[in-house]
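For reference, the structure is listed below as structure tokens.
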Amino acid sequence: MNKNFTNYFSKLLIITCLSLFSACHNNIKIINNNYYNWNHQQQLLLNIKHFKLNGLITYISKQYNISANFYWQQINKNDYKFVLTNQFNTIKLCLNVTNNITKLTINNNIFCYQQSPDVVIKELFNVDVPFKYLNQIILGIINNNQKFTLNKYGYLNKTKLYDSSNIWNIIYSKHKYYYNNMIVLPKYIELSCNDVNIKIKIYNWII
């Protein structure tokens, strides 16, 4: 085989491989080459089908500045229970999403809707919360089209979530993670969109 042709083919192959590698990772900003650690954690997180947690949620907007204790139970991929309580653990609001039915309980009054909880909560209280993606956000799972940044340990630091016409900026605290049987779980998450700022502090996880 012609030597010049061989050299040309080798260079072309190298350039092609580098281009493909770049294209596959164009949504990732990697710090200290920790992509392997990140990829391994994502696989572990994707295997979590149900979980329970409780913590504190703060919602800040032009209209509201409120904090409440909350409880989240992920029953399966699409069904979950979200409960807000006051400092005395009295239930103020309970949201059950099952089989695409949103059941809302307020002051012992039960209301059922054939709409997503995002729409229901927005219409009733003028509050924006991305419930549709909240279980993924809480776990730290990233969709294929999301751009994100890893911290120096290879864990999620920042990302953006595109939800209909809204763009949510999400920040995970750099040094606040729970370590549970090889799985790294977020402890503090902050979401912001337009004038809305949501802070989530997680007290404990049950996996």
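Every number in this text was worked out from the coordinates using simple rules, so none of it is lab data. It should be emphasised that the depicted structure is a prediction, and the values quoted were computed from it without experimental measurement. Using ideal geometry, Cβ is built from the backbone for each residue, glycine included, and neighbour counts are taken over all protein chains shown.
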Dipole magnitude (debye, nearest 20) for region 31-206, charges at Cβ of Lys, Arg, Asp, Glu: 420
At most 14 other Cβ within 10 Å, DSSP loop - trypsin sites (Lys or Arg not before Pro), region 38-101: LYS49, LYS62, LYS77
Summed side-chain charge close to TYR71 - residues other than TYR71 whose Cβ falls under 9 Å, Lys, Arg +1, Asp, Glu -1: +2
Within-14-Å neighbourhood charge of ASP195 [Cβ basis; K, R +1; D, E -1]: 0
Simple label model, 7 Å out from Cα along Cβ direction - TYR64 to LEU46, nm: 3.4
Extended-chain gain in nm, criterion 0.36 nm per residue less alpha-carbon gap, ILE207 and TYR179: 8.9 nm
Calculated FRET efficiency for the pair GLN73/GLN114, C-beta based, R₀ 25 Å, to 0.05: 0.70
Aspartates and glutamates with Cα under 17 Å of LYS158, excluding same-chain neighbours fewer than 8 positions away: GLU190
³J(HN,Hα) computed for each position of region 198-207 - Karplus, 6.51 cos²θ - 1.76 cosθ + 1.60, integer Hz, glycine/proline x: 10, 10, 10, 10, 9, 7, 7, 10, 10, 9
Label-point separation in nm, LEU124 to LYS158, each point 7 Å along Cα→Cβ: 3.5
Rg ratio (alpha-carbon, reference 2.2 N^0.38 Å) - region 31-206: 1.03
Too-long pairs where the Cα-Cα distance tops 20 Å, listed order kept, from LYS122/LYS199; LYS122/LYS176; LYS122/LYS147; LYS81/LYS103: LYS122/LYS176; LYS122/LYS147
Charge tally in the Cβ shell below 11 Å around ASP128, where Lys, Arg are +1 and Asp, Glu are -1, ASP128 excluded: -2
